[in-house]
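A short worksheet on the structure shown next.
The values are calculated or read from the model by the stated rules, or taken from the named source; none is laboratory data. This is a predicted model, so every value here is computed, not measured. Every residue, glycine among them, receives a Cβ derived from its backbone with ideal geometry; neighbour counts consider all protein chains shown.
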Amino acid sequence: MEPAKISPKPETKSDAGGKLGTVRGFVKEIIELVVVTLILLIAIRGLIGEARYIPSASMEPTLQINDRLIVEKISGHLGQPIKRGDILVFYPPPEEMGGRDLRNDPLTLLGRWTGLPFLPNDPAFIKRVIGLPGDHIRIQAGVGVFINGQLLDESSYIKEIPDYDLNILGDIGGRNITNEFIHPYAANGNDPIIVPAGHLFMMGDNRNNSEDSHVWGFLDQKRVIGRAWVLIWRRLNAPIYPPILSE
């Protein structure tokens, strides 16, 4: 006598509804997690700080290519004034970007707010504050930078002394990031270089290999992202051992 076969229990509406509810609950949790993560990213980047890496040699020897650092924003929100010598990260002026300014489409804004690498991100520069509002700037090749007639002591951080002269606004100019020659103050080129209110004069520590204020002019302080705070990663060169140890 053959054993009785047990037929599978047919799926009821309550079983199907339970599975659907589980899927909906899982999707809801994922959406909530994504939303909370985005809110935290936006809050941290907007109020506290963000990570940045150094893509060029313009700040050598202080900062090297591929260095990673934290840019802090708390001091700016608290109204701490910018000082000469501060290293700032900022969005470059449109003249440096071939006339293009910050885009405000939804994806670019989300990329700017969150820093997610798969979203569009606006390019940012990092330079040192040299001139503050009201400062008279002059640069003499082979000598250095003069602020209000006084030679600035930069021996502790620059790579080399500038090899160019900057005496009047008309001297500011050069090739920008799109390889176009710009001359931002041609209209009033004979005027002295005096930093206007709400602006800064920025320079890279690698003075002769830096696209900075000597090329594109004054930086609007509204374009500042934050202050360079702490270096978190640097690629180290392999140690050099005495020849006797390699024999």
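Total residues in the range 122-139 satisfying the condition of being within 21 Å of residue 224 (Cβ to Cβ) and either of a type in the set (Val, Ile, Thr) or in a strand (DSSP E or B) (or both): the figure is 8. All of (1) modelled with pLDDT under 95; (2) touching a strand residue (DSSP E or B) at 6+ places or on another chain (Cβ under 9 Å); (3) over 30 Å from residue 236 (Cα atoms) hold for residue 77 with one exception: (2). Against the test of being among the hydrophobic types (A, V, I, L, M, F, W, C) and closer than 25 Å to residue 194 by Cβ, the options 119, 152 yield a single qualifying residue, 152. I'm checking my understanding of the structure. Among residues of the range 118-149 that are at pLDDT 95 or above and touching a Leu at 6+ places or on another chain (Cβ under 6 Å), which one is nearest to residue 70 (Cα to Cα)? Ranking the qualifying residues of the range 118-149, first place goes to 129.
Count of the range 168-183 residues, restricted to those that are farther than 16 Å from residue 208 by Cα and either over 24 Å from the mean Cα position of the chain (by Cα) or part of a loop (DSSP other than H, G, I, E, B) (or both), is 7. Among the residues of the range 88-123, the one identified as buried (at least 18 other Cβ atoms within 10 Å of the Cβ) and among the small types (Gly, Ala, Ser) is 111. For the range 157-181, the tally of residues that are at pLDDT 95 or above and polar (S, T, N, Q) stands at 1. Each residue in the range 76-121 was checked for being assigned to a helix (DSSP H, G or I) and under 15 Å from residue 219 (Cα atoms), and 4 of them qualify.
With the condition kept exactly as written, say whether any residue in the range 197-214 is free of Cβ contacts under 8 Å to residues at least 60 places away in the same chain, more than 27 Å from residue 46 (Cβ to Cβ) and hydrophobic (A, V, I, L, M, F, W, C). Step through it out loud before you land on a result.
Within the range 197-214, the subset free of Cβ contacts under 8 Å to residues at least 60 places away in the same chain is 207-208.
Those still in the list that are more than 27 Å from residue 46 (Cβ to Cβ) too: 207-208.
Narrowing the set further to residues that are hydrophobic (A, V, I, L, M, F, W, C) leaves none.
Among the residues of the range 197-214, not one is free of Cβ contacts under 8 Å to residues at least 60 places away in the same chain, more than 27 Å from residue 46 (Cβ to Cβ) and hydrophobic (A, V, I, L, M, F, W, C), which makes the answer no.
Yes or no, residue by residue, for (1) assigned to a loop (DSSP other than H, G, I, E, B); (2) at pLDDT 95 or above; (3) touching a Gly at 6+ places or on another chain (Cβ under 8 Å); (4) among the small types (Gly, Ala, Ser):
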| position | (1), (2), (3), (4) |
| --- | --- |
| 197 | yes, yes, yes, yes |
| 200 | no, yes, yes, no |
| 208 | no, yes, no, no |
| 226 | no, yes, yes, yes |
| 230 | no, no, no, no |
| 238 | yes, no, no, yes |
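Scanning the range 188-222 for residues being surrounded by 20 or more Cβ atoms within 10 Å (Cβ to Cβ) and of a type in the set (Gly, Ala, Ser) gives a total of 4.
Looking across the range 140-167, the residues that are of a type in the set (A, V, I, L, M, F, W, C), farther than 18 Å from residue 95 by Cβ and not in a loop (DSSP other than H, G, I, E, B) come down to 145, 146, 147, 151.
Every residue, every condition in (1) in a strand (DSSP E or B); (2) at pLDDT below 90; (3) charged (D, E, K, R), yes or no:
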{"residue": "20", "(1), (2), (3)": "no, yes, no"}
{"residue": "28", "(1), (2), (3)": "no, yes, yes"}
{"residue": "35", "(1), (2), (3)": "no, no, no"}
{"residue": "40", "(1), (2), (3)": "no, no, no"}
{"residue": "51", "(1), (2), (3)": "yes, no, no"}
{"residue": "65", "(1), (2), (3)": "no, no, no"}
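Screening residue 179 on (1) on the phi < 0 side of the Ramachandran plot; (2) polar (S, T, N, Q); (3) free of Cβ contacts under 8 Å to residues at least 12 places away in the same chain shows it passes everything except condition (1).
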